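K.L.:
Let me begin by handing over the structure; questions about it come next.
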Amino acid sequence: MNVLIVVAHPEPRSLNGALARFSVSHLQRLGHQVRVSDLYAMNWEARLSPADTQHRQHVERFTPSLESTQAFEGGFQSEDIQQEQEKLLWADAVILQFPLWWFSMPAILKGWIDRVYACGFAYGVGEHSDTHWGDRYGEGTLAGKRAMLVVTMGGWASHYSPRGINGHIDDILFPIQHGILFYPGFDVLPPFTVYRTGRIDSVRFDALCQELSKRLDNLFITAPVGYYRQNGGDYALPELTLRDDLAAGEQGHRIHIRQG
Ligand code: FAD
């Protein structure tokens with residue numbers, strides 16, 4: 001199978017760099033084809049801008065989604081965007097490897113999403129009407145592919161537990177898991193999380209690699225997170241609110257995950 005690893009860390013000798021290298025070699029040992037987008041090494045341009053299209057259509061005012069649609073459909077997106085889209089289409093699974101920075105992904109990775117997830121590619125796909133808000137949340141260009149986060153954090157696991165001071169890790173990662181990965185169609189696997197990174201020595205690093213290797217061994221068989229699909233009849237139309245009989249009386253991110 002084909003696996004794309006997108007790495008966002010400025011230092012190759014970092015923990016994130018080491019975990020990414022471990023994943024590459026382990027996946028290759030398993031017989032997979034692996035490609036890496038090392039965003040800092042690539043000097044990735046994180047800013048979505050008029051330079052993303054090779055032929056500006058509306059020079060008087062830049063409208064990101066409009067220019068993005070026209071560049072995508074017309075085949076004149078900038079080359080770096082096209083290359084990353086091709087990698088996504090090639091991949092059967094995508095791993096995003098990053099440190100948690102200010103409760104989210106590093107800006108360079110967010111900028112990769114902003115630019116590579118073009119209109120017509122990752123959003124704005126399929127019919128748009130009051131009864132069908134596009135092919136998204138379980139459908140779309142990247143449907144049938146798998147995605148997994150490998151995230152490192154300075155905080156302790158308890159800080160990210162259901163009553164932890166930082167908020168539950170499932171809530172913190174929800175915008176990425178659901179909003180960035182499930183949205184364009186990925187089957188999203190539970191994240192691989194590394195806490196308390198300030199306390200890692202070679203013994204703990206080896207243990208982490210052992211744990212990660214199990215997740216990589218099972219990359220194509222692990223059950224994805226059971227998000228409800230937008231167009232599966234679970235959301236009332238046209239409001240797109242979860243049906244009243246599902247997760248009755250509850251609210252918050254977790255209601256969008258099928259329980260049991
Ligand atoms: P490194 O600093 O490279 O390494 C961490 C430890 O692992 C070190 O002790 C190192 O010696 C060891 N190590 C590295 N490689 C190996 C190896 N090959 N073998 C053995 N040991 C190794 N944390 C939060 O919890 N929440 C936040 O919101 C948050 N925001 C942040 C914002 C910013 C801007 C920054 C800079 C940090 C933030 N942090 C936050 C902390 C951050 O998440 C961690 O510093 C990061 O995850 C550590 O990953 P790293 O790759 O940079 O680790």
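Here, each number is a calculation from the coordinates, and none is a lab measurement. Values in this document were obtained by computation on a predicted structure and should not be read as measured data. Note: ideal-geometry Cβ built from the backbone for every residue, glycine included; neighbour counts use all protein chains shown.
K.L.:
Scan segment 34-121 for chymotrypsin sites (Phe, Trp or Tyr not before Pro) in coil per DSSP, keeping those whose Cβ has at most 11 other Cβ atoms within 10 Å, and list them by number. Walk me through the numbers before you get to the answer.
P.N.:
Details: sites: 40, 44, 62, 72, 76, 90, 101, 102, 103, 112, 117, 121; in loops: 40, 44, 62, 76, 102, 103, 117, 121.
Passing both the DSSP loop test and the Cβ count: 102.
K.L.:
Let me ask something additional. If we sort 227-233, 244-250, 91-97 on the protection proxy, mean other Cβ atoms within 10 Å, highest first, what's the order? Walk me through the intermediate numbers first.
P.N.:
Working: 227-233: 16.7, 244-250: 10.3, 91-97: 21.9.
My ranking of the peptides, most packed first, is 91-97, 227-233, 244-250.
K.L.:
Add +1 for every Lys or Arg and -1 for every Asp or Glu among the other residues with Cβ under 14 Å from the Cβ of residue 36, and state the total. The partial results should precede the final answer.
P.N.:
Numbers: positive: 21, 35, 87; negative: 38, 84.
Net local charge, residue 36 excluded: +1.
K.L.:
For segment 110-161, which trypsin sites (Lys or Arg not before Pro) are both in a DSSP coil and crowded by at most 13 other Cβ atoms within 10 Å? Show your work: numbers first, answer last.
P.N.:
Details: sites: 110, 115, 136, 145, 146; in loops: 136, 145.
Sites meeting the loop and neighbour criteria: none at all.
K.L.:
In angstroms, what radius of gyration and Dmax does the chain have, counting Cα atoms only?
P.N.:
For the chain, the Cα radius of gyration and maximum Cα-Cα distance read 19.1, 59 Å.
K.L.:
Now for a different question. So, in nm, how far is label residue 92 from label residue 157 when the simple model puts each one 7 Å beyond its Cα toward the Cβ?
P.N.:
3.1 nm
K.L.:
For the chain, set up a Gaussian network in which alpha carbons nearer than 10 Å are linked by springs, and say which option among 100, 142, 240 fluctuates the most.
P.N.:
240
K.L.:
Mind checking the alpha-carbon convex hull of segment 207-260 and giving the volume per residue in Å³?
P.N.:
Numbers: hull volume 6.7 nm³, N = 54.
Normalising the Cα hull of segment 207-260 by residue number yields 124 Å³.
K.L.:
Something else about it: Can you compute the modelled spin-label distance between residue 206 and residue 165, with each label point 7 Å from Cα toward Cβ, in nm?
P.N.:
3.4 nm
K.L.:
Starting from the Kirkwood Rh over alpha-carbon pairs, what translational D in µm² s⁻¹ does segment 68-147 have by Stokes-Einstein at 25 °C and 0.890 mPa s? Numbers along the way, then the final one.
P.N.:
Values: Rh = 13.9 Å.
Rounded, D is 176 µm²/s.
K.L.:
In deg cm²/dmol and to the nearest 500, what is the mean residue ellipticity at 222 nm of the chain if only DSSP H runs of at least 4 residues count, each as -39500 (n - 2.57), divided by the residue total? Walk me through the intermediate numbers first.
P.N.:
Values: 6 runs with 70 residues, N = 260.
The helix-only estimate for the chain comes to -8500 deg cm²/dmol at 222 nm.
K.L.:
Exactly which GluC sites (Glu not before Pro) in segment 18-117 are in a DSSP loop and have at most 11 other Cβ atoms within 10 Å?
P.N.:
Taking segment 18-117 and a limit of 11 other Cβ atoms within 10 Å, the loop GluC sites (Glu not before Pro) found are 60.
K.L.:
Using alpha-carbon positions, what is the distance between the centroids of segment 190-212 and segment 81-106, in Å?
P.N.:
Spelled out, the Cα-based centre of one part sits 21 Å from the other.
K.L.:
I would also like to ask the following. With labels modelled as points extended 7 Å from the Cα through the Cβ direction, what inter-label distance (nm, one decimal) is found for residue 79 paired with residue 61?
P.N.:
For residue 79 paired with residue 61, the spin-label model returns 3.3 nm.
K.L.:
Here's another thing I want to ask about it. Once you have the alpha carbon radius of gyration of segment 112-233, what is it after dividing by 2.2 N^0.38 Å, with N set to its residue count?
P.N.:
Details: Rg = 16.9 Å, N = 122, 2.2 N^0.38 = 13.7 Å.
For segment 112-233, the normalised Cα radius of gyration comes out at 1.24.
K.L.:
Okay, moving on. 5 Å is the cut-off here: which amide hydrogens, built 1.01 Å from N in the peptide plane, fall below it relative to residue 227, excluding neighbours closer than 5 in sequence?
P.N.:
Long-range HN contacts for residue 227: 258.
K.L.:
Segment 24-93: percent of C-alpha pairs farther apart than 20 Å?
P.N.:
Cα-Cα pairs in segment 24-93 separated by more than 20 Å: 44 percent.
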